[in-house]
Each structure stands twice: as structure tokens, then as C-alpha cells.
1. I'm trying to understand the selection: among the residues of the stretch 59-85, which are within 11 Å of Ile137 (Cβ to Cβ) and among the basic types (Lys, Arg)?
Amino acid sequence: MKIHLKTLTVAAGVLAALLAIPSDSVAQGGGGKGKGKQPATEAKQVVFKLGPVTGNTAKGRELYYAHGCYGCHGFNGETGARDLVGTNSPIIATEEAFILFLRQRADQAPLTPSTRMPNFPAKAVSDRDAKDIYAFIRSFRLDAPAIQDVPTLKTILESAEKPYQP
């Protein structure tokens, strides 16, 4: 198996980015001075710098639908079981990270049905096609309305707060 230096560099970068994400922690007060637990400190949000897009968005849209990506990620990247927009995921920060993610399990096929993302070796999705899909994904924008701006949902939530009367 031939491993390219660029692939290793991208993998190391994605791993370093994932390890750099801070976790919430609760500071312990103490020393017997009656302070007890302090409120949880706010975690700093890590924002990944987005890389350039070199793919064709229109072709990427065709490929996104042809490969069934919408089945899990929705038609706009925010309505499916696995959101693509608004997540600040390092996987979609750069084309290289995205392609590495598609390829990382290319030689592993699940033995049983799975909800994991399918394998996409280079034989199934070329690097050019992956860059086009990436361009389409990067065109997604969060546009879901706030709950209070959806009248029917607001009515449902308000009625759910009232005591049940058969």
C-alpha cells in the first residue's frame, strides 16, 4: 500500500484539529471554604479556516443526488440525519480533508447493514468528482427559520405546555 506524504499531512492536520477542540469542564471550588461547585466554564469554539473551492458546484449537485447523499444529509445539508452546514466540522473545512474522509475507509466494507457513511474509494468517486461534491456542499447555507417564526410549530409548543384535558 502506497501512502502519499500529502495524505499523511492532511490526516495529521485533521487529527490535530479534532484534538484541539476543547471540552466543557466543571471547575471545582473548594478548600472547605463553602464555595462548592463553580458554574461550568464556557468552551471556546474552534473555528476552522475554510480552504478554497476548486470544484464545479453544478456538477457537484448532480453527483450529490446521483450518489444518494441527500438520503442522510438532506437536500440542503441541514434537514437530514447528518447535518453538513452549521456544524463547523473539520471534515468539510478543506477539499483535502473532505477527500481524505471519503477515502479513509475505502478498503473496509461493513459486514452487516449500517447507518455509517458508505465507502467511497477513488474507483467509485474520483478526486475531481469529490471536489465537485465538496463545492456543492460548500454552497449550502443555513436558512432554517427560528422556532418562533413558524406559526404551526409555535402553536404546537404552546399547546404542549398546557395541561392535558381529554
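The values are calculated or read from the model by the stated rules, or taken from the named source; none is laboratory data. All values reported here derive from a predicted model rather than from experimental measurement. FYI the Cβ positions are ideal-geometry reconstructions off the backbone, even for glycines, and counts take in every protein chain you see.
1. Matches in the stretch 59-85: Arg61 only.
Results for (1) buried (at least 19 other Cβ atoms within 10 Å of the Cβ); (2) in a helix (DSSP H, G or I); (3) at pLDDT below 85, shown as yes or no for each residue.
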| site | (1), (2), (3) |
| --- | --- |
| Cys72 | no, yes, no |
| Phe75 | no, no, no |
| Thr79 | no, no, yes |
| Asp83 | no, no, yes |
| Gly86 | no, no, yes |
| Ile99 | yes, yes, no |
| Leu102 | yes, yes, no |
| Ala106 | no, no, yes |
